[in-house]
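Asker: Right, I'll just put the structure down here and ask away after.
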Amino acid sequence: MMSTRLRRGVRAAGLVAILPFTVSPLAGQSEPSTPDTPPPLSTFSIVACDLEEGFWGVAIQSRVVSAGSIVPAARAGVGAIATQALANVAYKEEGLRLLEEGYSAEEIRDHFLRTDEGSARRQFAVADRECRIAAHTGEATTAWTGHRIGDGFSVQGNILAGPEVVDAMAAAYEEARDGGWPFGERLLHALKAGQAAGGDTRGMQGAGLLVVREGGGYQGGDDRYADLRVEDHVEPILELERVYDVWMRVFHPGDHFAPRGRVAVSAPAGPHICELRRLLTATGHDDFHQEGGSCAFDEAAISALKAFQREHGLAERAVLDAETGRLLRELAANGR
């Protein structure tokens with residue numbers, strides 16, 4: 001029998017999806033609707049996880065306002081979910097509860113297919129606590145529709161320009177992952193690739209990025225490492241990327257600037273400088289001790305950085321770019 005949560009979700013889902021528009025309005029403008037004809041929730045999204053760094057996340061773009069508040073759900077150490085097409089938002093609460101109880105992604109997918117009589121019109125993806133992935137594209141979702149599952153991620157979408165959208169998203173995520181990009185940037189890179197490949201045929205409007213990690217929230221008070229939304233914009237993905245950059249510079253500079261991130265050092269002090277000096281010490285170019293040590297990009301830090309650059313044939317300058325940061329991390333990890 002259908003659970004109480006799912007019965008409520010099936011009824012409520014009618015409030016967030018209809019058939020696609022026959023005439024597309026200008027991007028960034030909402031289509032007029034009535035209680036009987038609410039806006040459609042068709043979109044493209046990525047669900048991904050990284051057990052090594054402890055991240056789960058969802059990124060999404062849709063031709064509907066506030067898609068970032070409707071589609072994603074995630075909990076650190078538990079999993080992540082995206083629900084779209086004729087979205088059943090009850091999947092989020094129900095799915096996270098089952099994930100927390102230890103059910104696998106495939107078991108949760110099968111549970112929803114058994115218990116939700118509207119599953120043929122749904123599209124969703126699940127990542128569980130072990131980074132196993134499952135996805136479903138119902139046979140009654142609107143073409144082009146489909147998903148691609150990769151190692152630790154799933155990309156999916158409906159009312160898309162074609163399969164090239166999810167193919168491009170998958171390739172972009174793998175490129176960013178294999179290149180050592182920070183987790184949030186991998187998700188954004190996938191969104192941008194999907195849009196460049198044609199995206200949602202109706203256009204753009206809302207976007208969202210939800211990334212969780214244990215203790216990753218404000219002052220460690222919760223797991224909300226990044227929970228960012230663009231509600232209504234002509235270029236929602238680019239705006240989301242801009243806001244992400246601002247967020248990371250303020251709240252996670254140690255993960256954003258090199259050596260851990262990809263942005264060259266521009267802030268003169270902070271945890272990213274502590275990490276730089278720790279890595280330089282690990283490679284024998286500095287003598288940094290966290291207690292009482294300077295976390296400023298001062299003369300001592302610059303001298304140690306230049307010594308590292310000189311030894312490895314890099315341009316000797318007071319700049320830490322992503323390439324230098326990657327080499328520094330690699331050598332420090334190998335004890336060299």
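Values in this text are rule-based calculations from the coordinates and carry no lab data. What you see is a predicted model, and the numbers here were worked out from it, not measured in a lab. Neighbour counts are summed over all protein chains in view; Cβ atoms, including those assigned to glycine, are modelled from backbone coordinates with ideal geometry.
Asker: Could you work out which residue, out of GLU299, GLU214, GLU94, moves most in a Gaussian network model of the chain, that is, has the largest mean-square fluctuation with Cα springs under 10 Å?
Answerer: The residue that fluctuates most here is GLU299.
Asker: First measure r as the distance between the Cβ atoms of ARG114 and ASP245, then evaluate 1/(1 + (r/R0)^6) with R0 = 45 Å and state the FRET efficiency to the nearest 0.05. All intermediate terms of the calculation are to be shown ahead of the outcome.
Answerer: Values: r = 43 Å, r/R0 = 0.95.
My answer for the efficiency is 0.60.
Asker: From largest to smallest, what semi-axes in whole angstrom does the stretch 255-333 give when each is the square root of 5 times an eigenvalue of its alpha carbon gyration tensor? List each step's numbers first, then the result.
Answerer: Details: eigenvalues 51, 40, 28 Å².
Taking √(5λ) for each eigenvalue gives 16, 14, 12 Å, largest first.
Asker: Among ARG129, ARG310, ARG262, which one shows the biggest mean-square fluctuation in a GNM of the chain, springs joining Cα atoms closer than 10 Å?
Answerer: Comparing ARG129, ARG310, ARG262 in the GNM, the peak value goes to ARG310.
Asker: Would you mind checking which residues have amide H under 5 Å from ALA161's amide H? H placed 1.01 Å from N; only 5 or more apart, or other chain.
Answerer: Residues meeting the amide H criterion: GLY199, THR201.
Asker: Output wanted: per-residue J couplings in Hz (rounded whole) for the stretch 179-192, from phi through Karplus 6.51 cos²θ - 1.76 cosθ + 1.60, θ = phi - 60°, x for Gly and Pro.
Answerer: x, x, 5, x, 4, x, 5, 4, 5, 5, 4, 5, 4, 4
Asker: Set the Förster distance to 35 Å, then compute FRET efficiency between ARG132 and ALA333 from the Cβ-Cβ distance, nearest 0.05.
Answerer: On the way: r = 27 Å, r/R0 = 0.77.
The formula returns an efficiency of 0.85 here.
Asker: Got a sec to turn the phi values of the stretch 242-248 into Karplus ³J(HN,Hα) couplings, 6.51 cos²θ - 1.76 cosθ + 1.60 with θ = phi - 60°, whole Hz, x for Gly and Pro?
Answerer: Each residue's phi maps through the Karplus curve to give 5, 5, 4, 4, 4, 4, 5 Hz.
Asker: So what are the ³J(HN,Hα) numbers for the stretch 43-59, from phi and the Karplus equation (6.51, -1.76, 1.60; θ = phi - 60°), rounded to whole Hz, Gly and Pro as x?
Answerer: 6, 10, 8, 9, 10, 8, 8, 9, 5, 4, 9, x, 9, 10, x, 9, 10
Asker: Build a GNM of the chain with springs between Cα atoms under 10 Å: which of GLY180, GLY313, GLY138 gets the top mean-square fluctuation?
Answerer: GLY313
Asker: May I pose another question? Roughly how many debye, to the nearest 20, is the charge dipole of the chain about its Cα centre, given +1 on each Lys and Arg Cβ, -1 on each Asp and Glu Cβ, and no other charges?
Answerer: Details: 34 positive and 47 negative charges, 107 e Å.
About 520 debye.
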